[in-house]
1. For segment 190-319, which whole percent of the accessible surface, found with a 1.4 angstrom probe, sits on carbon and sulfur atoms?
2. What length, rounded to one decimal in nm, is gained on full extension from residue 331 through to residue 8, with 0.36 nm per residue of separation minus their alpha-carbon distance?
3. Can you give me the accessible area per residue for segment 196-332, using a 1.4 Å probe, in Å²?
4. Could you tell me what percent of the accessible area of segment 34-97 is made up of carbon and sulfur, with a 1.4 Å probe and every protein chain present?
5. Tell me, what is the FRET efficiency for residue 138 and residue 186 to the nearest 0.05, using R0 = 22 angstrom and their Cβ-Cβ distance as r?
6. Assuming R0 = 25 Å, what is the FRET efficiency of residue 95 and residue 246, from their Cβ-Cβ distance, to the nearest 0.05?
7. Defining a contact as two alpha carbons under 8 Å apart and six or more residues distant in sequence, what relative contact order in percent does the chain show?
8. At a Förster distance of 22 Å, what's the computed FRET efficiency of residue 210 paired with residue 262, Cβ-Cβ distance as r, to 0.05?
Amino acid sequence: MEDDGSGHHRVPVYSTATEVVEKLKEKWSSVKKQPYPAMYSSVFGGIILDPTVMVIPIDDHMVHRGHGVFDTAMLLDGYLYELDVHLDRFLRSASKAKITSPFPRETLRSILIQMTAASKCKRGSIRYWLSAGPGNFLLSPADCPEAAFYAVVIDFDYSQCKEGVQVITSTIPMKPPLFATSKNVNYLPNVLSVMEAEEKGAFASIWVDDQGYIAEGPNVNVAFISKGKELLLPPFDKILSGCTVKRLVALAPKLIEKGLLKAIRTAHMTIDQAKDSDEMMFVGSGLPVLPIVQWDDQLIGDGKVGEATLALSDLLWEDMIAGPLRIRVPYT
């Protein structure tokens, strides 16, 4: 905006798309490296490589009503990891949100792979959304022509996390099970819980449910190594069933064979029981395992990253870079 000299600001009026695109180009002109090398939009009906027009309609119900779901997949060395597992969860979330995909599953999968190939990106992640779609500003999507599918490639140099972090107990109420068990775009509680942790100098927070049992982190699962060398996870009835933590459970028996673990199970845990663990960790796609060494004012175990945590991290990381659940991206 420009000051007209009288203290009032004159708001520019853009009458053509060309003028708007030029302003958007100005914004991106100072960016040295494009963080989003490709986007797909069913509104445009194709893959977009110019960040200038990577936009979503303002009347999309995902924007103004939060009526949308999303999911992700890691991209490492030109391979998408666990795409099919994430895509299945994506469609389950859409069903809970009463959103019907404009494409069958295999078309969604093909779009995501083609978009990743077009991006030329070899390391990062993809994220994708199903929305009730654009159409109006009402609550009901009944008059929206059809659902919308969006996706983006995020260029980021992910690496294995081996340094321990500090967490706090969140005072932000967690979402009820209906919303917590699906991956929807209603993330205000998650955002506020992370901001609360950052304000206290911590990395993130831990949610405790209304019965006093440990639930999850703001966008990750949480796991513990007990003094009896059991890998313990909160039950998934009130929280998101994480694809990465489920893969961890499938791989973890290898550590039983090596004597680092004695058992793997889900268990209801109070804060005191959880804080008394030998080791603690966040588990999520972009980590895949993040050691936790302090919770509130209490050290976890001896306050150092534990042997079992690092071994679990190695198992998952090896699976991500060389395991059987990868899909090679057909770059040209």
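The values are calculated or read from the model by the stated rules, or taken from the named source; none is laboratory data. Treat the numbers as computed from the prediction; the structure is a model and nothing was measured. All Cβ positions, glycine included, derive from the backbone under ideal geometry; neighbour counts span all protein chains shown. For accessibility, only protein heavy atoms count, side chains too; no ligands or nucleic acids. Shrake-Rupley method; radii C 1.70, N 1.55, O 1.52, S 1.80 Å.
1. Exposed carbon and sulfur together represent 50 percent of the surface.
2. Gain on stretching residue 331 to residue 8: 111.0 nm.
3. Averaged over the residues of segment 196-332, the accessible area is 44 Å².
4. Working: 1400 of 2390 Å².
Reported share for carbon and sulfur atoms: 58 percent.
5. For R0 = 22 Å, the calculated efficiency reads 0.80.
6. 0.85
7. Computed over the chain, the figure is 17 percent.
8. Numbers: r = 31 Å, r/R0 = 1.42.
Taking R0 as 22 Å, the efficiency between residue 210 and residue 262 is 0.10.
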